[in-house]
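Only one structure is covered here, and it is reproduced in the block below.
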Amino acid sequence: MILARHAESLLWAGRYLERAENTSRCLSYAANSITHLRPGEATAEGEMLVRTLGLQDELEAVGPLESQPQLIAFLLSDTDNPGSVVSAVTAVRENLRTVRDRIPIELWEEANGLYLRFPFLGHADAAPSGLHEVLLMVRRACLAISGILNEGMRRDEGHAFAVLGRMLERSIFTVGLLEASHADSRGVMDATRMLRLTSSLQAYHRQHGNAPDFDSVVRYLLHAKDLPRSVLSCLDRAEERLTGLASTAAALDRPRRKAALLRARLELGEVEEAMSAAPVPTLQDFLAQFMELASDVHTGIVPPLAMATVRSQYIRPGDGGDGGDGGGGAR
Amino acid sequence: MVDVIPEPGSGLLDQYQPGGAFDEAFDADGSVRGTYSRIVERFRELDISEVRRLENLVADEFRRQGITFTVYSEEEGTERIWPMDLFPRIIAAAEWDELSRGLSQRVAAMNCFLADLYNGGGQAIADGVVPRWLVVSSRGFERNAVGIRVPHSAHCNIAGIDVVRAADGRYRVLEDNLRSPSGISYVVENRAAMAKACSWLFYDHPVEPTEQYGRMLRSTLDSMAPDGNDSPHIVVLTPGIYNSAYFEHAFLARSMGVELVEGRDLVVDDHTVYSRTIEGLVKVDVIYRRIDDDFLDPVAFRPDSTLGVPGLLSALRAGTVTVCNALGNGVVDDKGVYPYVPDLIRYYLGAEPIIDNVPTYMMWDPDQRSEALARLDELVAKPVGESGGYGVLIGPHATERELDDARATIEADPRNWIVQELVQLSTLPALAEDQLEPRHLDLRPFVLTGERTEVFPGGLTRVAMRRGSLIVNSSQGGGSKDTWVLAPETP
């Protein structure tokens, strides 16, 4: 049994943890790739990363991307950008703080420690001097948090929600990456970059050789059951958690069925078939369905407002119930 | 891992001079008291750099865990790391035995008074032990609590009694806290941090453990189920993550293995409290609330409060839930009622108080008022409804103008003031600059009452970190010490 608010906090802690890791990986990639990009490509790649992370609206509020330092500030330290690393790390900490009574102490300490290690928190314009070290620190801390989550936390509903949050966020990231790659008319997002941005390059090489082609990578990121970041793998784990949770929380049965349907569409090749005709609209629709799934999970957790209605009538002082009218109702 | 005992250093205690107050570690002639002989020896082996290193280890531990407190009067950066001085307070077994008996006695009498007041027709008032006008004019008196039945008549399940040691070495009660006394989490975390940073200090000291608090509290709250249910659904009710004591609320829930809820997590339906879980509404039996009475139920109390649970009072009256501590305990926290507690002990228990009060003048008594105001420059004036050291005037430290202002304020509103003899709080060595120097301290032990009463060994030792200061509150620059109660020696 878990409080609805705690379930929500753990779901979001899982989502933001994944987001912190994804954004850090994208930033690392952007910082490293500057060494071999041709003039003009850096901006195109930056826009592609922003699209992958689904942050176009947030970027629009800041203005057009003009330089790589601007991209780094936007993705790393901009506290107005909910997808920045700082925002995600802060949100992980805040969400875990609200449930610190039910999570392992080490989990809270690691999340709090990561937050406290940001010297520029609260200063959106501060440029970090050692980007590589900061990103490495974030990714290592995220891995440590994941490790404690997986190895140190009881397999209760709270754990299930944290994992569910991670899987939803990860699916959204991977589908977003595929969508951005297909929409990329300038050829920035090639097969190798897709694999690097999902930490899947090495795994792909071992399985398929070291000359990745675009279509094969897309299939790999969609279908590989043994790849933790593939969409199918994420859906499997999300569905498994939802099945367990829905056995007692009826409101989560709807998202459970939706996850099962998405998995079936993927396994039966329906998504790929549609992609062969219209890849971008298909992936956009697929992404929208994941967003809807995430929204359904949220709706399933948060009880309807009607539950807050107080039906009790006023009991006068001294009219304490003697149990005579069903729990001492008003007389 | 084997601890390494540091080599002798350069005498942190070489220039230690106990002042006029009772020093817990040293006699007036400068010789070490028996209880402290081994710890003083250990500290004499340390040098300042080693102590600083250990302090940093402890501070890092607190920072990592987010063990902080909030200073509301500051505009920014209000979260501070909990300050702890490494030199522990040590209480010998026999001394603790007497102190804990005195605390149990005091809390028992106050529980009797609360039960009498809210459910027994007010016999003590009728018999003239406490004036009726004083009780009903107290801000802590809660008419809505009249008639709400409380299991075992235990209105105060968790009490924090502030005691001090005067110049004669005897303990005295300075203040009673029967609403939401805080500090127990710091007691447990102080010990954990000390044990991690300098476990070798504990050698040869049979110190009573502190980690059993969660178990003791759980057992107390289990016994408070309204219907005698032996495995009640217990929750800890917090105002939320921005409350200064949120760390403590989470600590309490975690150490008991129960949920930490906010008001919005609870709902009252048909005079029954439920928590909103993903499986639906689940009945709640016992609420350990860390929210003041006024904020508990916006229907009955402050309508602007979003912290509480609408309809909670109706559930209390229906007897479907127990709120711990009970509603209306603030009447005993009122410093105006404090002078009557020794009489309450005599009245209800037929015994003399084991721990005395600090001599107190009641400002609503004209004779006592004129006597006290004439020598206010030697005394301490306290508003009856404040806590945390706020509003306190220490006569010897006040200017003539401050004294005159205080006299006028008291004359205008005598019901809301008491004046006490200045107690030179006892001292212990604490680190100042590069030496250990005497610093004043108090002690807040915790008394748990449900079906039976237990006193948690030790308590929160608060220490004034400025030379000569008598203000130990953390909100006003005070620190803390680990408190060691020594186990009785086995024959």
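The values are calculated or read from the model by the stated rules, or taken from the named source; none is laboratory data. As the structure is a prediction and not an experimental result, all values here were calculated from the model. Note that we place each Cβ from the backbone using ideal geometry, even for glycine, and neighbour counts take in every protein chain shown. Protein only, heavy atoms only, side chains kept; ligands, DNA and RNA dropped before computing areas. Shrake-Rupley method; radii C 1.70, N 1.55, O 1.52, S 1.80 Å.
What whole number of Å gives the distance from the Cα centroid of the range B:223-255 to the Cα centroid of the range B:427-444? Using only Cα atoms, the two centres lie 34 Å from each other.
Note on A:ARG256: accessible area approximately 60 square angstrom, rounded to 10, probe 1.4 Å, nucleic acids and ligands left out. Counting 0.36 nm for each residue step from B:THR68 to B:GLU352 and taking away their Cα separation leaves a gain of 98.2 nm. Take every pair of alpha-carbon atoms less than 8 Å apart whose residues are at least six positions apart; their mean separation over the length of chain B yields a relative contact order of 23 percent.
Annotation: amide H of B:CYS324 within the under-5 Å range of B:ILE287, B:TYR288, B:ARG289, sequence separation 5 or more or interchain, hydrogens built in the peptide plane. Burial of accessible area (probe 1.4 Å, heavy atoms of protein chains only) in the range B:35-66, relative to its chain alone, reaches at least 50 Å² for B:ARG64, B:GLN65. Spatial offset of the range A:1-79 relative to the range B:18-40 amounts to 61 Å, using the alpha carbon center of each.
Which whole-number percent is the relative contact order of the range A:1-114 (Cα, under 8 Å, 6+ apart)? Relative contact order of the range A:1-114: 35 percent. Express as a percent, rounded to the nearest 5, the fraction of DSSP beta bridges in chain B (both residues included) that run antiparallel. Antiparallel bridges make up about 75 percent of those DSSP assigns within chain B.
Of B:TYR186, B:GLY450, B:LEU114, which is farthest towards the positive pole of the protein assembly as shown's charge dipole, taken about the Cα centre with +1 and -1 on the beta-carbons of Lys, Arg and Asp, Glu respectively? In the protein assembly as shown, that residue is B:GLY450. Protein heavy-atom surface of the protein assembly as shown, 1.4 angstrom probe: 49% of the accessible area is carbon and sulfur, with nucleic acids and ligands not counted. Summing +1 for each Lys or Arg and -1 for each Asp or Glu, what net charge is found among the other residues whose Cβ lies under 15 Å from the Cβ of B:SER31? Around B:SER31, the charge tally is -3. For the pair the range B:370-390 / the range B:169-205, the C-alpha centres are spaced 28 Å from each other.
Taking Cβ atoms as reference points and 15 Å as the exclusive limit, the residues near A:GLU273 contribute a net charge of -3, counting Lys and Arg as +1 and Asp and Glu as -1. Quick one: how many Å² of A:HIS208 are accessible to a 1.4 Å probe, rounded to 10? In the full protein context, A:HIS208 sits at about 100 Å². Beyond 30 Å in Cα-Cα separation lie the following of the pairs B:LYS196/B:LYS335; B:LYS382/B:LYS481; B:LYS283/B:LYS481: B:LYS196/B:LYS335; B:LYS283/B:LYS481.
Within the protein assembly as shown, antiparallel bridges make up roughly 75 percent of the DSSP beta bridges whose residues both belong there. Note on the range A:154-301: with charges restricted to the Cβ of Lys and Arg (+1) and Asp and Glu (-1), its dipole about the Cα centre is near 480 debye. Working from Cα pairs under 8 Å separated by at least six residues, relative contact order for the range B:65-195 is 16 percent.
Think of a 1.4 Å ball rolled over the protein heavy atoms: the protein assembly as shown then has 40 Å² of accessible area per residue. For the protein assembly as shown, the share of alpha carbon pairs falling in successive 10 Å distance bins from zero is 2, 12, 19, 20, 17, 14, 9, 5, 2, 0 percent.
Summing charges over neighbours of B:PRO445, with a neighbour being any other residue whose Cβ is under 15 Å away from its Cβ, gives -1 when K and R count +1 and D and E count -1. In a DSSP loop and with at most 12 other Cβ atoms within 10 Å, the trypsin sites (Lys or Arg not before Pro) in the range B:407-491 are B:ARG452, B:ARG467.
Dipole size of chain B about its Cα centre, with +1 on Lys/Arg Cβ and -1 on Asp/Glu Cβ: approximately 780 debye, rounded to the nearest 20.
Only protein heavy atoms count here; under a 1.4 Å probe, B:TRP82 has an accessible surface of about 10 Å². By the helix-only formula, in which each DSSP H run with n ≥ 4 contributes -39500 (n - 2.57) and the sum is divided by residues, the protein assembly as shown has a 222 nm mean residue ellipticity of -14000 deg cm²/dmol. Straight-line cross-link reach from A:LYS225 at under 26 Å between alpha-carbon atoms covers these lysines, not counting any fewer than eight positions away in the same chain: A:LYS258.
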